[in-house]
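The values are calculated or read from the model by the stated rules, or taken from the named source; none is laboratory data. Just so it is clear, the structure is predicted and the values come from calculations on it, not from any experiment. Every residue, glycine as well, gets a Cβ built from its backbone with ideal geometry; the counts of neighbours run over all protein chains shown.
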Amino acid sequence: MDVIPVPELVVGMVIALVVVGLRALWRFAQGPSARQSNTAGQEEKETQRKRAKLIASCVILAIVSIPLILRVVPPNGVYGFRVGATRNPAIWYPANAFMGWALLVAAVMSETVLLRLPEGVKRWLLWVAFLLPVTGALIASFVYLERLRP
């Protein structure tokens with residue numbers, strides 16, 4: 001772990017994620033093309049707004065995961081992977097660091113899929129693209145927590 005500069009990699013990933021997210025938000029803020037009918041154009045506009053909100057959620061999720069990865073969040077009752085087993089500081093820090101990495105990877109995956117889906121996609125598919133990696137990250141975190149328990 002001494003060879004790989006983890007904090008610098010995390011910061012670089014988050015900066016790239018924020019830049020890509022802002023670029024996507026800017027692109028979606030331009031609105032749908034004028035070729036579509038009024039009703040179809042309104043539905044497309046709502047779908048693009050939902051996509052932009054989910055991309056913004058990915059960026060926020062990535063930013064929230066950084067302190068967990070860097071292990072700077074002490075055991076508390078508000079922020080972090082808070083379950084009964086993580087009350088022990090020996091378990092709190094590794095469990096939260098793993099969950100931070102899992103959420104960062106989920107945010108990157110979700111944002112990538114959200115950006116790659118075509119414009120005419122249904123809104124439910126946008127939700128699936130966001131929630132599936134996040135749910136996988138939570139499940140992986142609980143599996144890892146079980147391995148940490150004595």
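The residues listed here are Val10, Val64, Val19, Val59; of these, the one that is at pLDDT below 90, surrounded by 14 or more Cβ atoms within 10 Å (Cβ to Cβ) and in a helix (DSSP H, G or I) is Val10. If you take the residues in segment 100-123 that are charged (D, E, K, R) and in a helix (DSSP H, G or I), which one is surrounded by the fewest Cβ atoms within 10 Å (Cβ to Cβ)? This residue is Arg116.
For segment 74-99, the candidate set comprises residues that are aliphatic (A, V, I, L, M) and at pLDDT below 90; within that set, the residue that is surrounded by the most Cβ atoms within 10 Å (Cβ to Cβ) is Ala85. Output yes when any residue across segment 91-111 is of a type outside the set (A, V, I, L, M), touching a residue at least 24 places away in the same chain (Cβ under 8 Å), within 30 Å of Glu46 (Cβ to Cβ) and touching a helix residue (DSSP H, G or I) at 6+ places or on another chain (Cβ under 7 Å), and no when none is. Yes: segment 91-111 contains one or more residues that are of a type outside the set (A, V, I, L, M), touching a residue at least 24 places away in the same chain (Cβ under 8 Å), within 30 Å of Glu46 (Cβ to Cβ) and touching a helix residue (DSSP H, G or I) at 6+ places or on another chain (Cβ under 7 Å). Out of all the residues in segment 34-41, is one or more polar (S, T, N, Q), over 17 Å from Arg116 (Cβ atoms), at pLDDT 75 or above and surrounded by fewer than 15 Cβ atoms within 10 Å (Cβ to Cβ)? No: zero hits.
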